[in-house]
Amino acid sequence: MSELIDLSGYIEEDQPLAGSADDTRIFTTLTHEERGFQVKKELEEKSLDSETEYVTRHLRAEREGYEEEQPMNRTLIMSEHGPTHVDSIDHLDPTSELSIDEMPLEWFYGDAVCLDLSGVDHPEPITVAAIRGQLEESGLEIREDDTVLLETGNRKNNYSTTDKEKKHRYTSKFVGLEQPAGEFLVDQGAKAIGIDSISVDHPANIYPNYDFPIHALCSREEIVIYENMSNLWEVTGQRFTFSAFPLKIRDGTGSPIRPVAILDD
């Protein structure tokens, strides 16, 4: 049986985000008890039986001491680019018609490799030499239509919802690809690039002018970008099947995902 490795982080409040992403907010719309009382009242007002098996959820309600219970509901407000996510091609290119709901599903599934670039320290970027070195060390090669995932150590070492210094490092002191490195991956046939940080672009290329050369390259070449990934350290130096389907958000510029590495026996 294949082993599944979760490569996503939690969707949670106070998570460190890119400056353009709104904060994630999660709140309870209705508790089990509140909805149960609502339903009971509605049925009583209609002169219907309010003590049906549907209304009185004995197995849990009695155990918890509630009179009755109905489905709980929570509401999430978050950026398309907040948690672990995928970018659409039109995220940076207003001339593209490839919003997230228009991108072929085949782009989000297939063969992948994960390279350990945790030896690259900020402020240095990920270079072609660093990628070549990891390919040689791991014995991997980038094949046509591979997804290439980059473990930099940022998520593992700096992600936090409470530590301000770690959050600052996570969003500002990470390492990303220099442009030649991105071009190298494209030339090798990569159909997608993923990273454990807020951006595949190196911070020095983003700030202060908000230039995104790797995003621009990927838009031109129709290469998929995955960001804010997690647990990549569990699959470094390996080849596996990768799945990361987006939500079908109409005209979406991106989408939260639940990426999974599928390791064969």
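The values are calculated or read from the model by the stated rules, or taken from the named source; none is laboratory data. Just so we're clear, the structure is a prediction, and the values are computed from it rather than from any experiment. Reconstructed Cβ throughout: ideal geometry from the backbone, glycine too, with neighbour counts over all protein chains shown.
Listed here are the residues, each with its yes/no results for (1) within 18 Å of Trp233 (Cα to Cα); (2) touching a Gly at 6+ places or on another chain (Cβ under 7 Å).
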residue	(1), (2)
Gly110	no, no
Val113	yes, no
Leu117	yes, no
Ala130	yes, no
Thr147	yes, yes
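Looking at (1) free of Cβ contacts under 8 Å to residues at least 60 places away in the same chain; (2) not in a strand (DSSP E or B), which is the one condition that is false for Ile193?
For Ile193, the exception is condition (2).
Residue-by-condition table, conditions (1) within 22 Å of the chain's Cα centre (by Cα); (2) among the charged types (D, E, K, R):
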| site | (1), (2) |
| --- | --- |
| Leu98 | yes, no |
| Asp111 | yes, yes |
| Glu124 | no, yes |
| Gly133 | no, no |
| Glu136 | no, yes |
| Gly139 | no, no |
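Whether any residue in segment 199-207 is assigned to a loop (DSSP other than H, G, I, E, B) and either among the aliphatic types (A, V, I, L, M) or surrounded by fewer than 21 Cβ atoms within 10 Å (Cβ to Cβ) (or both) is what I want to check.
Yes, segment 199-207 contains a residue that is assigned to a loop (DSSP other than H, G, I, E, B) and either among the aliphatic types (A, V, I, L, M) or surrounded by fewer than 21 Cβ atoms within 10 Å (Cβ to Cβ) (or both).
Identify the single condition in (1) within 17 Å of the chain's Cα centre (by Cα); (2) farther than 17 Å from Leu177 by Cβ that Leu149 does not satisfy, given that it satisfies every other one.
All conditions are met except number (2).
Anything in segment 208-230 that is surrounded by 18 or more Cβ atoms within 10 Å (Cβ to Cβ) and either outside any helix (DSSP H, G or I) or of a type in the set (Gly, Ala, Ser) (or both)? List them, or say none.
Phe212, Ser219, Ile223, Val224, Ile225, Tyr226, Glu227, Asn228, Met229, Ser230
Just to verify a result, which residue in segment 69-97, among those that are touching a residue at least 60 places away in the same chain (Cβ under 8 Å) and touching a helix residue (DSSP H, G or I) at 6+ places or on another chain (Cβ under 6 Å), is farthest from Cys218 (Cα to Cα)?
Among those that are touching a residue at least 60 places away in the same chain (Cβ under 8 Å) and touching a helix residue (DSSP H, G or I) at 6+ places or on another chain (Cβ under 6 Å), it is Ser96.
Name, by its number, the condition in (1) surrounded by 13 or more Cβ atoms within 10 Å (Cβ to Cβ); (2) touching a residue at least 40 places away in the same chain (Cβ under 8 Å) that does not hold for Pro123.
Answer for Pro123: the failing condition is (1).
Every residue in segment 90-108 that is crowded, with 16+ Cβ neighbours inside 10 Å and either closer than 19 Å to Phe242 by Cβ or touching a Phe, Trp or Tyr at 6+ places or on another chain (Cβ under 7 Å) (or both), please.
Within segment 90-108, Leu92, Ile100, Met103, Trp107, Phe108 qualify.
Can you confirm whether segment 196-210 contains a residue that is touching a Cys at 6+ places or on another chain (Cβ under 8 Å) and in the same structural domain as Val120 (by TED's automatic domain parsing)?
Scanning segment 196-210, I find at least one residue that is touching a Cys at 6+ places or on another chain (Cβ under 8 Å) and in the same structural domain as Val120 (by TED's automatic domain parsing), so the answer is yes.
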